[in-house]
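Scroll down for the structure; my scribbles are underneath it.
Values in this text are rule-based calculations from the coordinates and carry no lab data. What you are looking at is a predicted structure, and each value in this text was computed from that prediction instead of being measured. Heads up, the Cβs are rebuilt from the backbone with ideal geometry, glycines too, and the neighbour counts pull from every protein chain shown.
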Amino acid sequence: MNNYITLSDIENLEELIKEAIQLKKENSAAGLGKGKTLGMLFFNPSLRTRLSTEKAAKLLGMEVMVMNADKDGWALEFEDGAVMDSNKAEHIKEAAAVLSQYCDIIAVRAFPELKEREKDEAELVINNFTKYASVPVVNLESATGHPLQALTDAITISELKKSKRPKVVLTWAPHPKALPQSVPNSFAEIMQKSNVDFVITNPEAYDLNPNITKEVSIVHNQQEALKDADFVYVKNWSSYQQYGQSPKVEENWTLTGEKLKATNNAKVMHCLPVRRNVVIADEVLDSYNSVVIHQANNRTFAAQAVLKSLLKK
Amino acid sequence: MNNYITLSDIENLEELIKEAIQLKKENSAAGLGKGKTLGMLFFNPSLRTRLSTEKAAKLLGMEVMVMNADKDGWALEFEDGAVMDSNKAEHIKEAAAVLSQYCDIIAVRAFPELKEREKDEAELVINNFTKYASVPVVNLESATGHPLQALTDAITISELKKSKRPKVVLTWAPHPKALPQSVPNSFAEIMQKSNVDFVITNPEAYDLNPNITKEVSIVHNQQEALKDADFVYVKNWSSYQQYGQSPKVEENWTLTGEKLKATNNAKVMHCLPVRRNVVIADEVLDSYNSVVIHQANNRTFAAQAVLKSLLKK
Amino acid sequence: MNNYITLSDIENLEELIKEAIQLKKENSAAGLGKGKTLGMLFFNPSLRTRLSTEKAAKLLGMEVMVMNADKDGWALEFEDGAVMDSNKAEHIKEAAAVLSQYCDIIAVRAFPELKEREKDEAELVINNFTKYASVPVVNLESATGHPLQALTDAITISELKKSKRPKVVLTWAPHPKALPQSVPNSFAEIMQKSNVDFVITNPEAYDLNPNITKEVSIVHNQQEALKDADFVYVKNWSSYQQYGQSPKVEENWTLTGEKLKATNNAKVMHCLPVRRNVVIADEVLDSYNSVVIHQANNRTFAAQAVLKSLLKK
C-alpha cells in the first residue's frame, strides 16, 4: 500500500481483513513500527478515530504526534497560485512537505462543508496532502469517504456472519443536523467488494451518489428492505441531489425494536456517535442485537492492519 | 482496587501511602503497565493533574492518550432515555463502552456547575463513566471530590510530620471566584482516616457538607484554630448551605506570616493553583514553611500508586 | 548547557552543529533520554517547532508531554507581588516550580505582544520560567528570539555551502500582518558567529535592533544587497523603531525569480510558514533554489542536539 485514501488503495481486501483479525488475536505486532512516527492532523472533532488509530500505531511500536490542525497550528491555504495576503498563513505545499520530514505516515481528518458538491468531491484537503506529502497518507474521514470505518465494518461482518452470503441492509435514519455522506459512501463501496446481498434503503430525496451505489438495489420502503436482513447498518446522511440539504421526510425512519422483527434477528451496526431515540431507539441499542461497541473495537485492528501494510512498503 | 472514584475505593490507606513512597524512591516500577493504555478525558482545565498522572502512567510503562473531552471529541449526553435531537452528539453509554475498548484505565475530570446541589451531588459524569465503562475509572477531580489530591496530601503529611499525631488545620481563604468543595471534601475525608488531630476553620456561612465533616471540630475563629498547628492546609471553597454562592466575609482570612506565628512553625499546604496575596501571602509562599511544591511533586506518586493498584487487579 | 534561552547559551557553536549533523546521520542516539520527560508549553500556535521538538525528544528516548498553556491549563500571572484577584489563576513561581517536578526539561513558546518594546524586551515569560524552574528551559521562540530556528539555519548553511565563506543575505519581505523580530534577530546573531559574509537588506523604517545587528552591513536597496548572494534568507518583520508597526513600503520587496538572477544561483531559505506570492513568489518556492523543506527537516536535528546537550549536564 502506498497511501490509504480510498478503498481502491486496498490491493486485497480479504487478505487485509484476515490480517486485522490476526492482529486482534496477537494483540501486538513485532517491532515493525519501532522508530517510526505517525502524525495525526485533525480539522474536525474525533473520538473513536483519534484514539483507535493512536492505539493501533502504538501497538505497532510507533510514536504518535497528534495535532488539532487549525487550533494548534496555522490555517492552511489549498489554492494553487494563491496570493496569500488573507488569514491563511501556510500553504499545503509546505505543510505536507514539512510533515513528511517529521512523520513516516500522515493521517488526516477533514469533513466536507456540504455547501458545494463539486468542491467537496474535489477532496481538496486529503488530495493535496497526498499530492504534496512524500510519505503515505491515511484518510481519517474525508469529504466523501471514510475507508477506515468501512474496513472496520467489513471486519465486523466477516466476524459475525452466520451464513456465507448474509443480507446486509444500509438504512437511512433521521438526525437533527445535516451529516456528510462519507460513511454510507465507503460502506456502500466496501459491501460491493464483499460477498453479501446488499440493499440500501432511504427516503426518495436521499439516494446516494449513483457513481458510488452503481448497481446496488435501492429501496425506498424501509420495512420492505429490512425483511430477512442479517445485518442492519443504520446511518443518517444529508441529501446528495439537493446537496447538503435535509428535505423533510414524512415517515418515521428511526430504527425501533418493532421494525427489527421483520429481520432475521439482525445484528445492528452504527459507526458512532449515535443519537439515541432519534437514529436508533434505546431498546435496540441496549439489546443483544446491537454490535456497535464490538464494531467500535474493531477500529483499532482496521487501523493496525492499514498502518502495518503502509509500514511494510 | 476496581475503580478510584472516591476515597472509599482505597482498601488500605496506609499500605497505599507506603506503596507511593516506595515508588518515589524507586522512580520506576517494573513493566506492570507495559502494553496497557491510560485514556485521560478532561472536561475542565488541568495542569498538575494532567501532567502528573500522565507522568505516573508512563513511569509504569503505560501508553497515555489525552483528550479535551468537548473540544477534541463530541458533546456528551448523560440522561437516560434522552431523545438526542439537540446539541449532544454522543451518549455516555457509548462513549464509556467505546473508551473501554481502547483503554485499560479511563481517567476523567469533570467539575461541578455549582448551581444545583442535588445535581452536583449526583456526580453524573464520573458515576456514569463508572457505570458504563468495563475498565477501571480514575477520578481526576469530580463535582464533589478530588481523591487523588487527598491521597497526595496524606502522603505529604506522612512524609513531613514530626510527631506521631500532628495537628492539621484546614482553613478557608478568600478567592475572587466561587470554587468547588471537591478538594476540602476529600481532604476532610482522608484526614478522618489518618492519625491526626484535625480541625476545620471557616467563616460561618462556609461550613462544608456535614455528611462529610461528621464529628470533625469546626471552628469559626481562624486564629483560635491555627494555634499550635503542625500543618495548615489553605483552600477556598464556595458555600455549601447557600450552595455555590460566595456570601460576604468581613474578616480577612488570607493566610499571612503574622497569623502563622500562632502555629507550631506549621508546614503550609495548598493543592495549587494558588492566588498569591489573596489566598496566601507572598511572605508565606516564599518561606521555608511552604511545602506546596513538594506536595505537587507527590501528585505523581499518588497517581502511580493508584494506577499500579488498578493494574494489579 | 544549562538552559537554551538565547544563543549565548551555546558554548561551542561549531561543535553543536557537528553534533546535529552526526545525529542526523545516526537517526538515533543511545538511551540518553530514557526515563526523562520533556514538557512542552505553548502560549502560541506551532507546527514545525511542536512536531520537530517532540520528534527530537522521542528520538532521544524521552517521554513528551505537550500542553497548550492557557487553553489546557490556567492563565498565568508573571508580576512579582501581584494581588491575584483577577483572571490569572496561577503564578509563574508555582507553575515553573511544579513543572520542574514533572519534567526533566521544560520547553516554552511565548510570542511578543508587539505593543510596548520594553515589555517585550523584558522577555517576561521565558525569563520567569528560567528563573523559577529548577530544570533546564528551552526557548521555542520567545518575544525577541528564536534560537532553535537560528541553529537550524546555521546547520543548513553549513551543509549546503559551496565556498568557505559564503555570502548570506537576510532580506525583509512584505506580509499582511505585523510579525515579531524573533527570527531575524536570532538569525542575525548566529550569522555574526559564523564564517559568512553577512548582509541585511530592508526598507528604511525596518532596521532591526542595533544592539543585535551591531556592525552588520545594512543595505536599504534590496537588489544591490542580493548581488552575488549564495544564500538568501527571506523573512518579514515589523518595525523596531516604530515598534510593532508596519510603516508603508513603496517598492515591491517580494522575492521573485527575476530578483534572484542577480545572486550566485542562491539557495533560498525561510523559517516557514511562508505566505506564497506575498513573501516569496511561487516560481522561487517551487524551484530548485528553494531549500525551505530541507531547512525545516533540520529543525529536528537542531532540537535533538540541544536536548542532548541539556541531558548531558
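Anisotropy class assigned to segment A:147-296 is rounded, per the alpha carbon gyration tensor with a/c under the 1.5 cut-off. Given R0 = 41 Å, the distance between the Cβ atoms of C:Thr256 and A:Arg117 translates into a calculated FRET efficiency of 0.65. Here the Karplus curve 6.51 cos²θ - 1.76 cosθ + 1.60, taken at θ = phi - 60°, turns the phi angles of segment B:51-60 into couplings of 6, 5, 6, 4, 4, 4, 4, 5, 4, 8 Hz, with x standing for Gly and Pro. Within chain A, antiparallel bridges make up roughly 0 percent of the DSSP beta bridges whose residues both belong there. Summing +1 for each Lys or Arg and -1 for each Asp or Glu, what net charge is found among the other residues whose Cβ lies under 15 Å from the Cβ of B:Pro176? After counting each charged neighbour, the total is +3. Just name one of C:Ser134, B:Leu59, A:Thr53: the one whose Cα is farthest towards the positive end of the charge dipole of the protein assembly as shown (beta-carbon charges, Lys/Arg +1, Asp/Glu -1). Positive-end residue among those listed: B:Leu59. Comparing mean-square fluctuations of B:His175, B:His146, B:His294 from a GNM of chain B with C-alpha springs under 10 Å, the top value falls on B:His294.
Average partner chain C-beta neighbours within 10 Å, per residue of C:83-89? Let's see the in-between values first.
Values: counts 8, 9, 9, 3, 2, 3, 9.
Rounded to a whole number, the mean comes out at 6.
Using Cβ point charges alone (K and R +1, D and E -1), the dipole size of the protein assembly as shown about the Cα centre works out to roughly 2600 debye.
Order these by the 10 Å Cβ neighbour count, fewest first: A:Ile218, C:Ile280.
Numbers: A:Ile218 17, C:Ile280 26.
Neighbour counts put them in this order, fewest first: A:Ile218, C:Ile280.
Per residue, the protein assembly as shown reaches -10500 deg cm²/dmol at 222 nm when only DSSP H runs of four or more residues are counted, each adding -39500 (n - 2.57). Counted over the protein assembly as shown, the DSSP beta bridges are approximately 0% antiparallel.
With both labels modelled 7 Å from their Cα along Cα-to-Cβ, the C:Glu224 to B:Asp286 distance reads 5.3 nm.
Over 28 Å apart at the Cα level, from the set B:Lys58/B:Lys214; C:Lys55/C:Lys115; A:Lys308/B:Lys313; B:Lys235/C:Lys71, are B:Lys58/B:Lys214; C:Lys55/C:Lys115; A:Lys308/B:Lys313. With Cα atoms as the point set, chain A shows a radius of gyration and Dmax of 19.5, 60 Å.
For A:Asn236, the residues whose amide H sits under 5 Å from its own are A:Ala173, ignoring neighbours fewer than 5 places away on the same chain, with H placed 1.01 Å from N. Build a GNM of chain C with springs between Cα atoms under 10 Å apart, and of C:Asn297, C:Asn236, C:Asn202 the one that fluctuates most is C:Asn297.
Spin-label pair A:Ser217-B:Asp207: with each label point 7 Å from Cα along the Cα-Cβ axis, the two points sit 7.4 nm from one another.
What is the mean number of Cβ atoms from other protein chains located within 10 Å of the Cβ atom of each residue in peptide B:34-47, rounded to a whole number? List each step's numbers first, then the result.
Numbers: counts 0, 4, 0, 5, 0, 3, 0, 1, 1, 0, 0, 8, 4, 14.
Rounded to a whole number, the mean comes out at 3.
Quick note on segment C:211-313: its Rg to Rh ratio, both from C-alpha atoms and Rh being the Kirkwood radius, is 1.03.
Annotation for C:Asn127, label-to-label distances across the other copies: 5.2, 5.2 nm (shortest first, one decimal, point 7 Å from Cα along Cα→Cβ).
Viscosity 1.002 mPa s, temperature 20 °C: Stokes-Einstein D of the protein assembly as shown from its Kirkwood Cα radius, in µm² per second?
The estimated diffusion coefficient comes to 71 µm²/s.
How far, in nm to one decimal, is C:Asp80 from itself in the other copies if the label point is set 7 angstrom along Cα toward Cβ? Shortest first, please. Spelled out, the distances from C:Asp80's label point are 5.9, 5.9 nm.
Springs join every pair of Cα atoms under 10 Å in this Gaussian network model of chain B, and among B:Leu255, B:Leu32, B:Leu41 the largest mean-square fluctuation is at B:Leu32. Amide H contacts for C:Thr201 (H built 1.01 Å from N in the peptide plane; partners 5 or more residues away or on another chain; cut-off under 5 Å): C:Leu170, C:Thr171, C:Trp172, C:Val219. Rounded to the nearest Hz, the phi-derived 3J(HN,Hα) couplings of segment B:209-225 under the Karplus curve 6.51 cos²θ - 1.76 cosθ + 1.60 (θ = phi - 60°) are 3, x, 5, 9, 6, 6, 8, 4, 6, 10, 10, 8, 10, 4, 4, 5, 5, where x marks glycine and proline. Here segment A:59-204 is assigned +1 on the Cβ of each Lys and Arg and -1 on the Cβ of each Asp and Glu. Its dipole about the Cα centre then comes out at about 900 debye. Give the percent of DSSP beta bridges with both residues in segment C:147-296 that are antiparallel, rounded to the nearest 5. So the antiparallel bridges in segment C:147-296 amount to around 0 percent. For A:Ala262, the distances from its label point to the matching points in the remaining copies are 7.8, 7.8 nm, ordered from shortest, with each point set 7 Å beyond Cα toward Cβ. Please report the net charge: other residues with Cβ closer than 12 Å to the Cβ of C:Asp85, K and R +1, D and E -1. My count for the surroundings of C:Asp85 gives +3.
Amide H contacts of A:Met65: A:Leu38, A:Gly39, A:Met40, each under 5 Å away and 5 or more positions distant or on a separate chain (H built 1.01 Å from N in the peptide plane; Pro and chain starts excluded).
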